[in-house]
Amino acid sequence: MKLNQEIHYKEVQRPNQVWIWAIVIGIAILMWIGFFRQVVMGIPFGSQPGSDMEVIMLWIIFGIAFPIVMLGWLRLITEVRDDGVYVRFVPFHLTPRVFFYKNITRYESLNYRPLRRFGGWGIRWNFSGEKTYSISGKHGVLLEVNGERVLIGSRAPERLVEVMDRVSRNDNK
């Protein structure tokens, strides 16, 4: 891996499905209501209320941290550089996962069904041994790397393949 490589293509994706936002915000609102009722007003929250400390911990995790992570930090960054394709799923990857051109035997743009093929979006594996990095949509680029199949979700898979073609040809010269 060379230092100071040129980034030939960069795509940053964030969750854009309304239903994800609704679920995250709904959970956060429920936690805020529970915190306010039980801790601030002293009215037990729920039919089997937990202790105030349990409510505070759930409020911190699901009322504050979870929405910040899901709606503020969560993103999929895909970069095409001189030596390969770099994928980073923030905040789960501290450093990018690198797929070097020398290890990629084949790649193609494709449309797929995330729920059927992988059970949804995110970092996932299926029973066929495929792995995916996806955040939304049904388009991506399928790489065969060292005998493994890795699907990278993309909003512009044709462009990603086009840049990979150009850069990998230059890398092999």
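The values are calculated or read from the model by the stated rules, or taken from the named source; none is laboratory data. Every value quoted in this text rests on a predicted model; they were computed, and no experiment measured them. For neighbour counting, all protein chains shown are included, and Cβ atoms are generated from backbone atoms with ideal geometry for every residue, glycine included.
Descriptive notes on the structure:
- So F35, is it out of contact with any strand residue (DSSP E or B) (no Cβ under 9 Å at 6 or more places or on another chain), of a type in the set (F, W, Y) and in contact (Cβ under 8 Å) with a residue 12 or more places away in the chain: yes
- Odd one out for E108 among (1) in contact with a Leu (Cβ under 8 Å, 6 or more places away or on another chain); (2) surrounded by 13 or more Cβ atoms within 10 Å (Cβ to Cβ): (2)
- Residue, farthest from G84 (Cα to Cα), within the stretch 111-159, restricted to residues that are surrounded by 14 or more Cβ atoms within 10 Å (Cβ to Cβ) and acidic (D, E): E130
- Criterion applied to L115, L110 was being of a type outside the set (F, W, Y), free of Cβ contacts under 8 Å to residues at least 60 places away in the same chain and out of contact with any strand residue (DSSP E or B) (no Cβ under 8 Å at 6 or more places or on another chain), and the one residue passing it is L115.
The rows are residues; the columns are (1) modelled with pLDDT of 90 or more; (2) surrounded by fewer than 17 Cβ atoms within 10 Å (Cβ to Cβ); (3) under 22 Å from L151 (Cβ atoms); (4) not basic (K, R).
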position	(1), (2), (3), (4)
A22	no, yes, no, yes
G26	yes, yes, no, yes
M31	yes, no, no, yes
G34	yes, no, no, yes
Q38	yes, no, no, yes
F45	no, no, no, yes
I61	yes, yes, no, yes
G72	no, yes, no, yes
R88	yes, no, yes, no
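Let's see how each residue does on (1) closer than 30 Å to V40 by Cα; (2) within 16 Å of the chain's Cα centre (by Cα); (3) not assigned by TED's automatic domain parsing to the domain that holds G42:
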| residue | (1), (2), (3) |
| --- | --- |
| M57 | yes, no, no |
| F66 | yes, yes, no |
| F89 | no, yes, yes |
| R97 | no, yes, yes |
| I104 | no, no, yes |
| Y112 | no, no, yes |
| L115 | no, yes, yes |
| G119 | no, yes, yes |
| R124 | no, yes, yes |
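For (1) over 28 Å from Q5 (Cβ atoms); (2) of a type in the set (D, E), each residue gets a yes or a no:
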{"site": "A65", "(1), (2)": "yes, no"}
{"site": "I68", "(1), (2)": "yes, no"}
{"site": "L71", "(1), (2)": "yes, no"}
{"site": "E79", "(1), (2)": "no, yes"}
{"site": "Y101", "(1), (2)": "no, no"}
{"site": "V141", "(1), (2)": "no, no"}
{"site": "V150", "(1), (2)": "no, no"}
{"site": "N170", "(1), (2)": "no, no"}
